[in-house]
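S.K.: Starting off with a structure, shown below.
The values are calculated or read from the model by the stated rules, or taken from the named source; none is laboratory data. Just so we're clear, the structure is a prediction, and the values are computed from it rather than from any experiment. When we count neighbours, we look across all protein chains shown, and the Cβ atoms used for this are built from the backbone with ideal geometry, even at glycine. Please note that ligands, DNA and RNA were not included when accessible areas were found on the heavy atoms of the full protein model with its side chains. Shrake-Rupley method; radii C 1.70, N 1.55, O 1.52, S 1.80 Å.
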Amino acid sequence: MWPEGEEALRKLDDHGLPTSRVHPVVVATTTAARGGLLWFVVAALLAVRRGPSRRAGVCGLVAAGAGMLSGHLLSALIRRPRPATRRLPARESLPERPNSFSFPSKHAVTAAAFTTAVALRSPKAGAAVAPLAFVVCYGRVRTHVHWPTDVFGGVALGFAVAYRLRGRH
């Protein structure tokens, strides 16, 4: 159980999003981000371009890896359960049935770390990648596999990791 702030968190997490099936593009995007695969593809696309975007992709992968590791460590410490498994069309839209701890969302940590690191090296590339990261994060809440605070916390951690690593890769 969460300590005394539980009621405030529950109010934040009572997101009231639809429970209907999720748009296939959202499902495909959030599914592709599992294990960081999506960010490897994006980094490869950035690598084929000349200029700062090539280095930005490498920095993004370094930050995404560090973010994912940080997210898994924090998740093991906090051990927050995921939203209750229900027979919701939104939840059943995903091909995966995640059973790891919920906070922070590792998808959100990785997306935010990658995008922030890319943006710090190449603002134009960062702006191009940001909508993709948004869809990944939105998809985790929309499919009801994470509480909104899991995603907000993941984004904050991902940003912090990328910012801390800036200029080191």
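S.K.: Six or more apart or on different chains, Cβ atoms under 9 Å: show the pairs whose first residue is in the stretch 61-81 and over 9 Å from Val109 (Cβ atoms) and whose second is open to solvent by less than 30 Å² (accessible area, probe 1.4 Å) and acidic (Asp, Glu).
M.R.: Listed by first residue and then by second, the contacts come to Arg80/Asp150.
S.K.: Can I ask one more? Select from the stretch 110-122 the residues that are under 21 Å from Leu69 (Cα atoms) and polar (S, T, N, Q) and write down the one among them that is surrounded by the fewest Cβ atoms within 10 Å (Cβ to Cβ).
M.R.: My answer is Thr116.
S.K.: Return the residue satisfying two criteria in turn: it lies in the stretch 123-142 and is buried (at least 18 other Cβ atoms within 10 Å of the Cβ) and over 11 Å from the mean Cα position of the chain (by Cα), and of such residues it is modelled with the lowest pLDDT.
M.R.: This residue is Arg142.
S.K.: Looking only at the stretch 1-26, how many residues end up being at pLDDT 60 or above and either open to solvent by 30 Å² or more (accessible area, probe 1.4 Å) or under 20 Å from Phe101 (Cα atoms) (or both)? Lay out the reasoning, then the answer.
M.R.: Initial filter on the stretch 1-26 (at pLDDT 60 or above): 16-26.
Right, trim to either open to solvent by 30 Å² or more (accessible area, probe 1.4 Å) or under 20 Å from Phe101 (Cα atoms) (or both) and you get 16-21, 23-25.
Residues flagged as at pLDDT 60 or above and either open to solvent by 30 Å² or more (accessible area, probe 1.4 Å) or under 20 Å from Phe101 (Cα atoms) (or both) within the stretch 1-26 amount to 9.
S.K.: For a quick check of your reading of the model, give me the residue pairs whose first member lies in the stretch 37-58 and is on the phi > 0 side of the Ramachandran plot, whose second is surrounded by 15 or more Cβ atoms within 10 Å (Cβ to Cβ), with beta-carbon atoms closer than 8 Å and at least 6 apart or on different chains.
M.R.: Gly51/Ser122
S.K.: Among the numbered criteria (1) modelled with pLDDT under 90; (2) more than 16 Å from the chain's Cα centre (by Cα), which one does Gly35 miss?
M.R.: If we test Gly35 against (1) modelled with pLDDT under 90; (2) more than 16 Å from the chain's Cα centre (by Cα), just (2) comes out false.
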